[in-house]
Amino acid sequence: MDIRAIIAPVIQDREALEEFADALQDRAPEVERDIARLKKTPGDRDLIADVFRAVHNIKGDAALTKVELGVAIAHPIESLLARFREGDILFSDLLSEAILLAIDRLELAVEGLLQHKTMENLRLLPLVQGLEKAALAPQDRIDTICGELIEAVTGFPPVINSMPSRSKPVNSHVANQDIAADLQFFRAFALQLESRSPLFKGRTTRILRLALETNKSAGHPVDPVQLEAAIYMHDLGMMLLPESIWLKVDHMSAEEKLALRAHPGYGAGLLQRMAGWEGAAQMIAQHHEMPNGSGYPANLKQGEICAGAKIIAIVDAFEAVMLKHSHRGKNRSVLRAIAEINACNNQFAPEWIAPFNTVIRRTLETPA
C-alpha cells in the first residue's frame, strides 16, 4: 500500500468515491450494531459471520471504486475478524473499540475527501499501522496494541479494562430478539414520559442521538446498547413522582428538590433486576453525580462515576438548556446551550466535553 494513499488520500474518481460513500453509509451502521451485540454475546457465530461479511464488503467496495484508503483500513480488520472466526484469537472490548474507531475514521475521511477537508486531524497513518500490527500479533499482545492505537488516534487512553471473552456459542436469534424486545420495552417508557408535556416531544430521539454520537466521537468506550437502554430509562423515576414537582417551571422548594433526588434509583432499580442490563443500571444510578462530588444520590467523584453516566449528564443538561432558549431559533439556542455546558467546570466530566463539542459542531454545520 502506497503510504501517500493514507496520509494524503486524493480523489481519483469523484463519482466512484460518491458511490463508495453511499455504500459505506449503509454498511458502517451494520458493523457498529453487530459489534455492540457481539460484545454481549461474543460466541455468537451468526454475528461473527455478519460482522466479517460487512467488513469484507466494505473492502470490496473500496477496491471496486479505487478508494485505496478504504482497502488499507478494512483489510487488517478483515484479517483480525478472520482470526477470531477461526478461533485463533479471542474477542475483547479493546479489540471491538479499535474496529469501531477505524470504521468511524474511514467515514470521516471519506466525508472529508468529498468536502475537500484536511485529513491530518484523523491520524490515519497510526490507525492503519496499529491495525496491521494487531492483525499479526499474538493473542496476549492484541489488547495492548489496540489500546495504544486508540490513544494514538484519539489522544485519549481507552477507559476499558477487560479481558477477552471466552463465551460459548449461543442461539443468536434468541439473544438478539431478547435485546430488541427489552429496548422496545424501555423506549415505550421514554415515550410515555414525552407524552406528559408538549415541550418533551422528540426529546428521546434528540438525546439518544447526541449520546451515541458523543460516544462514537470518543471511540466508543461505552457499550452503545447499554447506553441506549440507559437513555430510555434514566428519567423513568420522574413518572413515579408528583407531576407538580418534575413539570414545575418555577424554583423548587427544598422538599421538592429532595423528592426529585430519588428518581435515578427507580430506573436503576428496575434494570438491576433484569439480567444483562447492569451497565445501563449503573449509568442511570449515577447520571446526576458530579466530578467534584456535589452530585446525587451518592456524592461520587470523578473516578467513581462511569463513563456512560457522564455522557448522559451532558446531553441531558444540553437538552434542558436548549428547551430554555428554544425561542432564539436553532443555531442561537445551540450556541447558547454549548456555551453554558462548557462554562460548567465542576458539573461535567472534562474528558467528555471535547467529544461532545465535536458532535455539536457537526450539528451546526448540517443544514436544517
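The values are calculated or read from the model by the stated rules, or taken from the named source; none is laboratory data. In this text the structure is predicted, and so the values were computed from the model without any measurement. Cβ placement follows ideal geometry from the backbone for every residue including glycine, while neighbour counts extend to all protein chains displayed. Heavy atoms of the whole protein, side chains included, go into the accessibility calculation; ligands, DNA and RNA do not. Shrake-Rupley method; radii C 1.70, N 1.55, O 1.52, S 1.80 Å.
Summary of computed values
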read-out: Residue in region 144-159 that is exposed (fewer than 12 other Cβ atoms within 10 Å of the Cβ), over 21 Å from the mean Cα position of the chain (by Cα) and modelled with pLDDT of 80 or more present; value: no
read-out: Filtered residues of region 160-179 (kept if modelled with pLDDT under 75, open to solvent by 80 Å² or more (accessible area, probe 1.4 Å) and over 25 Å from Gly219 (Cβ atoms)); value: Lys168, Asn171, His173, Gln177
read-out: Condition met for Glu86 (free of Cβ contacts under 8 Å to residues at least 12 places away in the same chain, open to solvent by 60 Å² or more (accessible area, probe 1.4 Å), over 21 Å from the mean Cα position of the chain (by Cα) and over 25 Å from Glu15 (Cα atoms)); value: yes
read-out: Matching residues, region 55-83, being in contact (Cβ under 8 Å) with a residue 40 or more places away in the chain and of a type in the set (Asp, Glu); value: Asp61, Glu68
read-out: Options Ala320, Ala309; residue that is part of a helix (DSSP H, G or I) and open to solvent by less than 20 Å² (accessible area, probe 1.4 Å); value: Ala309
read-out: So Asp26, is it open to solvent by 70 Å² or more (accessible area, probe 1.4 Å), under 27 Å from Gln226 (Cβ atoms), part of a helix (DSSP H, G or I) and in contact (Cβ under 8 Å) with a residue 40 or more places away in the chain; value: no
